[in-house]
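Asker: So that we are looking at the same thing, I have put the structure below in structure tokens.
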Amino acid sequence: MGENIELVRELNGVKYLFNHKGNSPSQTASMLEAFNQKVILITSGYDDNYSVDTLGNALVEKVKHLILFGGATAMIEMSLMRKLTGKNRGIDIRITHCTTLKQAVDCAFLSSKPDDIVILSAAGSCVDIYSSMEEMCDAYRQYAAEL
């Protein structure tokens, strides 16, 4: 794992990670590319007028369950949907919408199995929910500890 990826908790063979550099779609995409397996991605982010096209490609290749919460979820989901055509048609990626990070963590816990990786990586700034990435990470740590 890279220096920007924090292991928050390991439970029942599932690793819960936080991406400290995931504050844009391209940073989240780069982080996903580093994994050799499909992951459960919890993502959010305020719409900062970022292009989400690069994220769509990474989602198709590296995510098996996309858990969305926050203000930019529609853009993130559309970036994935645009890529699930042509050669990617038939790829099965589960998408879940949550209203809170706690709901998202609980959802990831329920859908994970041993050897899965759950990653929280905001694909934009988190100002619509948290005042900083560190505040969001603290909340994630707390919710993962409560599982």
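The values are calculated or read from the model by the stated rules, or taken from the named source; none is laboratory data. No experiment lies behind these values; they were computed from the predicted model shown. Here the Cβ is made from the backbone with ideal geometry for all residues, glycine too, and neighbour counts use every protein chain on show.
Asker: Looking at 80, 68, 84 in this structure, which one is closer than 14 Å to residue 129 by Cα and surrounded by 14 or more Cβ atoms within 10 Å (Cβ to Cβ)?
Answerer: The match here is 68.
Asker: Would you please name the residue that is modelled with the lowest pLDDT, looking only at residues in region 99-116 that are assigned to a loop (DSSP other than H, G, I, E, B) and not basic (Lys, Arg)?
Answerer: Only one residue tops the list, namely 99.
Asker: Scan region 94-123 residue by residue and report those that are in contact with a helix residue (DSSP H, G or I) (Cβ under 7 Å, 6 or more places away or on another chain) and touching a residue at least 40 places away in the same chain (Cβ under 8 Å).
Answerer: 101, 102, 105, 118, 120, 121, 122, 123
Asker: Residues in region 65-85 that are closer than 12 Å to residue 96 by Cβ and either touching a residue at least 60 places away in the same chain (Cβ under 8 Å) or outside any helix (DSSP H, G or I) (or both): how many?
Answerer: 5
Asker: Any idea which of 24, 30, 51, 44 is surrounded by fewer than 20 Cβ atoms within 10 Å (Cβ to Cβ) and either aliphatic (A, V, I, L, M) or at pLDDT below 90 (or both)?
Answerer: Being surrounded by fewer than 20 Cβ atoms within 10 Å (Cβ to Cβ) and either aliphatic (A, V, I, L, M) or at pLDDT below 90 (or both) holds for just one of 24, 30, 51, 44, which is 51.
Asker: Identify, please: which residue in region 1-11 is part of a loop (DSSP other than H, G, I, E, B) and in contact with a helix residue (DSSP H, G or I) (Cβ under 9 Å, 6 or more places away or on another chain) and is, among those, nearest to residue 52 (Cα to Cα)?
Answerer: Within region 1-11, the match that is nearest to residue 52 (Cα to Cα) is 4.
Asker: If I filter region 117-134 for residues that are out of contact with any His (no Cβ under 7 Å at 6 or more places or on another chain), among the charged types (D, E, K, R), modelled with pLDDT of 90 or more and assigned to a helix (DSSP H, G or I), do I get at least one hit?
Answerer: no
Asker: A follow-up question, please. Within region 87-98, restricting attention to residues that are assigned to a loop (DSSP other than H, G, I, E, B), more than 19 Å from residue 133 (Cβ to Cβ) and hydrophobic (A, V, I, L, M, F, W, C), which residue is modelled with the lowest pLDDT?
Answerer: 91
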